[in-house]
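The values are calculated or read from the model by the stated rules, or taken from the named source; none is laboratory data. From a predicted model like this one, the values you see are computed outputs, not experimental measurements. For neighbour counting, all protein chains shown are included, and Cβ atoms are generated from backbone atoms with ideal geometry for every residue, glycine included. Ligands, DNA and RNA are excluded from the accessible area calculation, which covers all protein heavy atoms including side chains. Shrake-Rupley method; radii C 1.70, N 1.55, O 1.52, S 1.80 Å.
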Amino acid sequence: IVSPSSDISEDDLSKILDYLEAGGRMLLYTDYIEEDMPNMTALLSYYGVQIQDGIVIEGDSGHHIQGYAHYLLPDAEEHEITQSVIDGGYYVLAPIAQGIVISDELRDTLTVQPLLTTSDDAFVKLVTDYTLDSFTYEEGDVAGPFTLGAAITEEHEDGSQTQIVFYTTSYLADSQIDSVVSGGNSALFISS
């Protein structure tokens, strides 16, 4: 599922859950939109994650493109999905991303592992009419660090495993963005 611009239907939610609960796999890219998406939110909640409202701004200049604090250069965390990025010494460029909030109360069968994370100096700014008013930390902003990508797995009694890879910006799959980091995003996509 790439960058849904409107909510999935209840029927689609049911079909997606049936598929995933039978050991299905899903690659999900979301982008910031101002509309509520209760069915997508329910799907994410079922798998132990939520999207932090707003856009992540990176306060550490070593973790964003110069002059563009919302074009993030997150850290790749140790995981088989990120290993090609780490081994290749690649950067990943994640423009206009949102934070992933991982639930503190996951089912025993569910595991959520961060793949991409910001520095401790990152923060989330709320967006008004698709516009960011400033790129500096202000009262009311949510302090980081944040997860921008996660691997979600669930083990089932029949031995099957649900596998979900979730990123909060579809720009990770954009060829122009990928060229800025010499194929780092492509390496991540292929492993995902």
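I'm checking my understanding of the structure. Among residues of the stretch 94-113 that are assigned to a loop (DSSP other than H, G, I, E, B) and in contact with a His (Cβ under 9 Å, 6 or more places away or on another chain), which one is nearest to THR30 (Cα to Cα)?
ALA97
I'd like to check something: does the stretch 154-164 contain any residue that is assigned to a loop (DSSP other than H, G, I, E, B), open to solvent by less than 60 Å² (accessible area, probe 1.4 Å), within 15 Å of ILE57 (Cα to Cα) and touching a residue at least 24 places away in the same chain (Cβ under 8 Å)?
No, because not a single residue in the stretch 154-164 is assigned to a loop (DSSP other than H, G, I, E, B), open to solvent by less than 60 Å² (accessible area, probe 1.4 Å), within 15 Å of ILE57 (Cα to Cα) and touching a residue at least 24 places away in the same chain (Cβ under 8 Å).
Say whether the condition of being touching a Gly at 6+ places or on another chain (Cβ under 9 Å), open to solvent by less than 20 Å² (accessible area, probe 1.4 Å) and modelled with pLDDT of 95 or more is met by at least one residue in the stretch 125-140.
Within the stretch 125-140, not a single residue is touching a Gly at 6+ places or on another chain (Cβ under 9 Å), open to solvent by less than 20 Å² (accessible area, probe 1.4 Å) and modelled with pLDDT of 95 or more.
The rows are residues; the columns are (1) more than 12 Å from ILE81 (Cα to Cα); (2) among the β-branched types (Val, Ile, Thr); (3) part of a loop (DSSP other than H, G, I, E, B).
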position	(1), (2), (3)
THR136	yes, yes, yes
LEU148	yes, no, no
ILE152	no, yes, no
LEU172	yes, no, no
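Residues are listed down the side, and each one gets a yes or a no for (1) at pLDDT 95 or above; (2) closer than 28 Å to GLU138 by Cβ:
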residue: SER61; (1), (2): no, yes
residue: HIS64; (1), (2): yes, yes
residue: GLY67; (1), (2): no, yes
residue: GLU77; (1), (2): yes, no
residue: GLN83; (1), (2): yes, no
residue: ILE86; (1), (2): yes, no
residue: GLN98; (1), (2): yes, yes
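Looking only at strands (runs of 3 or more DSSP E) that fall completely inside the stretch 1-93, which ones have 3 or more residues that are open to solvent by less than 40 Å² (accessible area, probe 1.4 Å)?
Passing ranges, in order: 25-29, 55-57, 68-72.
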